[in-house]
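The values are calculated or read from the model by the stated rules, or taken from the named source; none is laboratory data. All of these numbers come straight from a predicted model, not from anything done at the bench. Cβ coordinates were reconstructed from backbone atoms using ideal geometry, including for glycine residues, and neighbour counts include every protein chain displayed. Quick note on the areas: whole protein, heavy atoms, side chains included, nothing else; ligands and nucleic acids left out. Shrake-Rupley method; radii C 1.70, N 1.55, O 1.52, S 1.80 Å.
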Amino acid sequence: MNKEINEIIKDKYSASLNAEILISNRPDLCDYQYNGTFELAKLIKKNPYDIGEEIVLSLEKNENCQKKFSKIECVKPGFINFTLSDEYINELLNKMNETNKFNIDLPTKETIVIDYGGANVAKPLHVGHLRPAIVGESIKRLLKYMGQDVIGDVHLGDYGLQIGQVIYGLLEDKIKPEEITLELLSNLYPKISGICKENDEIKEKCATITKDLQDGNTIYQEYFKNILAISKTDIKKIYDYLDVSFDLWLGESDAYKYISNVTKELEEQNLLKTSEGARIIDVSEKTDKIEIPPCIYQKSNGAYLYSTTDLATIWQRWLDYKPNKILYIADSRQHLHFTQVFRVSKKLNTLKNIDCEFLGLGTINGNDGKPFKTRSGNTPKLENLFEETKNIFLNNGEYNKDYKEEDLNKIINSIIKFADLQNNREKEYIFDIEKFSKTTGKTGPYILYTYLRTKKIVKNNESFIDKLSKTIYNVHDRNLRLKILELNEILNYAFKTRMPSVVANYLYEICVLVNAFYENNHINNLEDIKKKSDWVTLLDLTTKIIYDLLDILVMEIPSTM
Ligand code: ARG
């Protein structure tokens, strides 16, 4: 319709506007609304209501509009309100139903590497790693759904100070590389990192071990290999539980061999400066509102830093995949780090065509509004958080204990994920397990329950699935149909903004409308065959959409609820 309006405006007023027809925020009055009249009024110095009336008159003569809208009217002070015709709504729904991926518009295909998860080797995964895993997995699935070529990489933190600390502890306790166990590692890391906080000499020793390891010391490498293998298995277990999976299990250590390429190009382009013995790169820009300090590339003792491995990783990804984009999903507090890294990368002739995006995440808080802690007051390991959620859910309803383990885990996952994904990823949120494990309200269990209930009606009446007729029967019916028509816009907006919350909130709205539909329209005993067929078909389309959206939100469906 925007096309028709724009043509009228061009013909009549020789103007062109950016205004578009929008979904109405007064669904009681109309389905869509246009307010370009106000922009035009200023431009040509005419009353917006008069302009609106003129546009309506022209639209009413247009055959296309006659078919699509049952009503077009201009209301004071100059909005144009559109009401879709039932026939056209059903035509669009039938098209969605017949076409792959519901006939949504797919953006141009690009190769996109997505860097998420970001667990650190030899340290237990804690609640801070939950969001990068869930949000990252969801963005990856959304991008894939939108037809992109996506490569997910966990980018393990595996070459930092913690490795030196753990190796130091193992050597002190005279443990051979082949004797390392997960239990040993989980006890060692907190112990040594605690000691390092108080003892500078030992801290220095651990830093030297880390540096020697990075330089190729064979004994340390032997330890490192085993630490990595054991730790990876453990990390994988947690990601598996969350149904989060990566195409690549690379880490900082894998990028090391590309540091020399980056250094060479930095030198050739004359970008490195020396400051107090360290090598740095100036990344400030004239338009900066706050000062962006230089990126430290190499410390005075020769050690490389987080920024260095991130630059080398971009080089590696360029060699392996020639990506158009790389997306990074990590805590918002890493914003400055990524700003510096991306600016250096944009300066390098080899890497400058890759667009890097940082998608920052807010913290997960407890009911007190402070970073989430367990009941015993610790920053919980992820495993304990899953356990705590399970216990609360089991105590919530007397039949919850009857679930099969597999179904129970899917429900626990839905609680955690829907709690997270319904929030704008940039904002912090309060993780209230009690609230999020209920089957009513804006929760994972509510969504799953709605899906299963609707699916069951469809299944029981499968033989009635057909094409939709031209009729819409009542307001609950119409509301649901209109909501479904929003799918294309929602998915494209979520894709553009990289916001799973847009999908989550839309899914919730669909579920609310499906439930209202179900409660007001009884299908099972209907005698009117046409109506029955229309409603079963509508619910069938709805369940198929919910199914796909659940997958984008990394939620698996239990066999029963
Ligand atoms: N390991 C890091 C952390 O725990 C996150 C890694 C994010 N990705 C990256 N390429 N730097 O904070």
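Worth a mention:
- Look at region 101-128: where a residue is at positive phi and outside any loop (DSSP other than H, G, I, E, B) and a partner is away from the ligand (no atom under 16 Å from the Cβ) and open to solvent by 40 Å² or more (accessible area, probe 1.4 Å), sitting 6+ places away or on another chain with Cβ atoms under 6 Å, you get N103/K95.
- Qualifying residue in region 259-270 (condition: more than 18 Å from Y159 (Cα to Cα), at pLDDT below 95 and over 31 Å from the mean Cα position of the chain (by Cα)): no
- Matching entry among L359, L382 (being within 14 Å of the ligand (Cβ to nearest atom), open to solvent by less than 20 Å² (accessible area, probe 1.4 Å), at pLDDT below 95 and within 30 Å of D432 (Cα to Cα)): L382
- Matching entry among I411, I430, I415 (being open to solvent by 30 Å² or more (accessible area, probe 1.4 Å), among the hydrophobic types (A, V, I, L, M, F, W, C) and farther than 20 Å from V502 by Cβ): I430
- Flag for L526 being on the phi < 0 side of the Ramachandran plot, in a helix (DSSP H, G or I) and out of contact with any Asp or Glu (no Cβ under 6 Å at 6 or more places or on another chain): no
- Only residues that are of a type outside the set (S, T, N, Q) and in contact (Cβ under 8 Å) with a residue 40 or more places away in the chain were counted in region 379-407, giving 14.
- Qualifying residue in region 109-118 (condition: of a type in the set (S, T, N, Q) and modelled with pLDDT of 95 or more): yes
- Verdict on G136 being within 26 Å of N488 (Cα to Cα), buried (at least 23 other Cβ atoms within 10 Å of the Cβ), under 19 Å from the mean Cα position of the chain (by Cα) and within 10 Å of the ligand (Cβ to nearest atom): yes
- With respect to the conditions (1) closer than 30 Å to L480 by Cβ; (2) small (G, A, S); (3) modelled with pLDDT of 90 or more, A19 falls short on a single one, namely (3).
- Where a residue in region 53-72 is at pLDDT below 90 and its partner, wherever it lies, is of a type in the set (D, E), with Cβ under 6 Å and at least six apart: N62/E4
- Residue match in region 37-55 (condition: touching an Asp or Glu at 6+ places or on another chain (Cβ under 8 Å), open to solvent by less than 90 Å² (accessible area, probe 1.4 Å) and either in a helix (DSSP H, G or I) or among the β-branched types (V, I, T) (or both)): no
- Taking region 255-351 as the region of interest, the helices (runs of 4 or more DSSP H) fully inside it that hold 3 or more residues being free of Cβ contacts under 8 Å to residues at least 24 places away in the same chain, more than 16 Å from the ligand (Cβ to nearest atom) and open to solvent by 60 Å² or more (accessible area, probe 1.4 Å) are 259-268.
- Matching residues, region 155-202, being among the basic types (K, R) and either more than 38 Å from the chain's Cα centre (by Cα) or within 16 Å of the ligand (Cβ to nearest atom) (or both): K174, K176
- Within region 136-252, helices (runs of 4 or more DSSP H) holding 2 or more residues that are without any contact (Cβ under 8 Å) to a residue 24 or more places away in the chain and basic (K, R): 182-198, 218-241
- Options D200, D243; residue that is over 29 Å from L130 (Cβ atoms) and surrounded by fewer than 18 Cβ atoms within 10 Å (Cβ to Cβ): D200
- The residues of region 70-102 that are under 12 Å from D31 (Cα atoms) and among the β-branched types (V, I, T), listed by number, are I72, I80, T83, I89.
- The lone exception for T350 - which of (1) farther than 30 Å from N270 by Cα; (2) at pLDDT 95 or above it fails: (1)
- In this entry, I151 passes the filter for residues that are within 27 Å of the chain's Cα centre (by Cα) and hydrophobic (A, V, I, L, M, F, W, C).
- Here K95 fulfils each of the conditions (1) open to solvent by less than 20 Å² (accessible area, probe 1.4 Å); (2) in contact with a helix residue (DSSP H, G or I) (Cβ under 6 Å, 6 or more places away or on another chain) apart from (1).
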